[in-house]
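Student: I'd like to ask you about the structure that follows.
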Amino acid sequence: MRPLVLFYLLVFYVLLQFSWWAYLLVELNKEIFHQKVELVNLREPQMLPTEAPEFEEELHSRWMMVAGEGFVFVIILVIGIFKTREAFYKEFALARQQKNFLLSITHEFKSPLAAIKLNLQTLQKRELDKPMRNSIISNSLNETDRIHNLIENALLAARIESHNFKLYKEEFNLTDCVRSTLESRMIPGSHSSNIKLNLQPDVYIKGDALAIASLLLNLVENAEKYSPPNGEIGVALTTDPKHVMLSIADKGIGIADAEKPKIFEKFYRVGNEETRNTKGTGLGLFIVGHIVDFHHGEIKVSDNTPNGTVFKVTLPLK
């Protein structure tokens, strides 16, 4: 906040100097007016009644010029103040979000690495039967996938920011893509096992299948984060003559109306990392928004009934 205080002090100083300059300019014009009147009165007193009104009109026009220039200066200064203040608060918010991102990414990497280490230590120190060994190995692989997805999201966000993100569009079966992407996550007893699919068969679109899969995973993971244990997540795929609609509906805590326009911003997360309990980095929905844009689609966020959130992605069929 200190730079903003210094900026306001500088603005106050500029206004003070401008006011003093305007005052001196007005006084100088008044002095010139009186000197002209005295000069005419000394040389040609009979001309004073005709010359004096002209001098007054000239003085008035100069005052109007000073006032007009002063008004324009103040307006420009006020606009500059608001723009500078807006830019400052945007930078301050971005810095805070980046700090939150560093805190969250540290936690997101630490948790799966700790789980993997514990699993490996268990395998190393204990003789386990085959089902238990397979379960521990499966959990370790899931945690490895979690780290992989975090790295992929971070790299993808960096590519989007640097304008190096390119799509390779080709026609593919979106129904099969959605099913295969989500069925690989539906491990019995896991949070993802509560995903309910309602997919129209054989829906084909022209797009990047890997990008659409990333979009879907990010939306489903977002729904899982804010849903209660065993909360159902509905994934539906439908079409109309020109569009395909993909919706992900959860029954979680929902999103406040004031937060909905901000959730697709980079690093944006509701609350603060020191007090937030849900995992995440603030990159998932940022990536989702850009993937939708690159496919010339649209994404809308609405409230679910009776509680929760619905993300609806609309993409062109061709």
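Student: Quick check, is His163 at positive phi and exposed (fewer than 15 other Cβ atoms within 10 Å of the Cβ)?
Tutor: yes
Student: Pull out all pairs, ordered by first then second residue, where Cβ-Cβ is under 9 Å, the residues are six or more apart or on different chains, the first lies in region 232-244 and is within 20 Å of Leu217 (Cα to Cα) and touching a residue at least 24 places away in the same chain (Cβ under 8 Å), and the second is of a type in the set (D, E, K, R) and not in a strand (DSSP E or B).
Tutor: Correct list of pairs: Glu232/Asp250; Glu232/Lys251; Ile233/Glu224; Ile233/Asp250; Ile233/Lys251; Gly234/Asp250; Gly234/Lys251.
Student: Any idea how many residues of region 155-209 are touching a helix residue (DSSP H, G or I) at 6+ places or on another chain (Cβ under 9 Å), in a helix (DSSP H, G or I) and at pLDDT 85 or above?
Tutor: Residues meeting the conditions: 7.
Student: Being at pLDDT below 70 and surrounded by 19 or more Cβ atoms within 10 Å (Cβ to Cβ) is the filter here; which residues of region 269-318 pass it?
Tutor: Arg269, Glu273, Gly280, Thr281, listed by residue number.
Student: For region 16-24, does any single residue satisfy the condition of being surrounded by 11 or more Cβ atoms within 10 Å (Cβ to Cβ), part of a helix (DSSP H, G or I), modelled with pLDDT of 75 or more and not aromatic (Phe, Trp, Tyr)?
Tutor: Within region 16-24 (the criterion being surrounded by 11 or more Cβ atoms within 10 Å (Cβ to Cβ), part of a helix (DSSP H, G or I), modelled with pLDDT of 75 or more and not aromatic (Phe, Trp, Tyr)), the answer is yes, since at least one residue qualifies.
Student: Need the failing condition index for Ile147 against (1) closer than 17 Å to Lys225 by Cα; (2) modelled with pLDDT under 80; (3) of a type outside the set (Ser, Thr, Tyr), just the number.
Tutor: The number of the failed condition is (2).
Student: So, one more: Looking at (1) surrounded by 11 or more Cβ atoms within 10 Å (Cβ to Cβ); (2) modelled with pLDDT of 70 or more; (3) more than 30 Å from Ala154 (Cβ to Cβ), can you tell me which one Pro53 breaks?
Tutor: (1)
Student: Do the conditions hold for Ser247, that is, is it of a type in the set (Ser, Thr, Tyr) and surrounded by fewer than 20 Cβ atoms within 10 Å (Cβ to Cβ)?
Tutor: Considered against the rule, which asks whether it is of a type in the set (Ser, Thr, Tyr) and surrounded by fewer than 20 Cβ atoms within 10 Å (Cβ to Cβ), Ser247 comes out as yes.
Student: Restricting the search to region 292-313, which residues are among the β-branched types (Val, Ile, Thr) and assigned to a strand (DSSP E or B)?
Tutor: Within region 292-313, Ile299, Val301, Thr309, Val310, Val313 meet the criteria.
Student: Same structure again: Could you list, in sequence order, the residues of region 56-89 that are within 24 Å of the chain's Cα centre (by Cα) and of a type in the set (D, E, K, R)?
Tutor: Matches in region 56-89: Lys83, Arg85, Glu86.
Student: Which of the residues spanning region 225-244 are modelled with pLDDT of 85 or more and either surrounded by 18 or more Cβ atoms within 10 Å (Cβ to Cβ) or among the hydroxyl-bearing types (Ser, Thr, Tyr) (or both)?
Tutor: Ile233, Gly234, Val235, Leu237, Thr238, Thr239, Val244
Student: Next question, about the same structure. When you scan region 65-72, do you find a residue that is at pLDDT 75 or above and either surrounded by 15 or more Cβ atoms within 10 Å (Cβ to Cβ) or outside any helix (DSSP H, G or I) (or both), even just one?
Tutor: Yes - at least one qualifying residue is present in region 65-72.
Student: Also, quick follow-up: Among the listed residues Lys110, Lys30, Lys117, which satisfies the condition of being modelled with pLDDT of 80 or more, assigned to a helix (DSSP H, G or I) and among the charged types (D, E, K, R)?
Tutor: Lys117
The values are calculated or read from the model by the stated rules, or taken from the named source; none is laboratory data. Quick caveat, the model's predicted, so the values are computed rather than measured. Backbone-built Cβ (ideal geometry, glycine too); neighbour counts: all protein chains shown.
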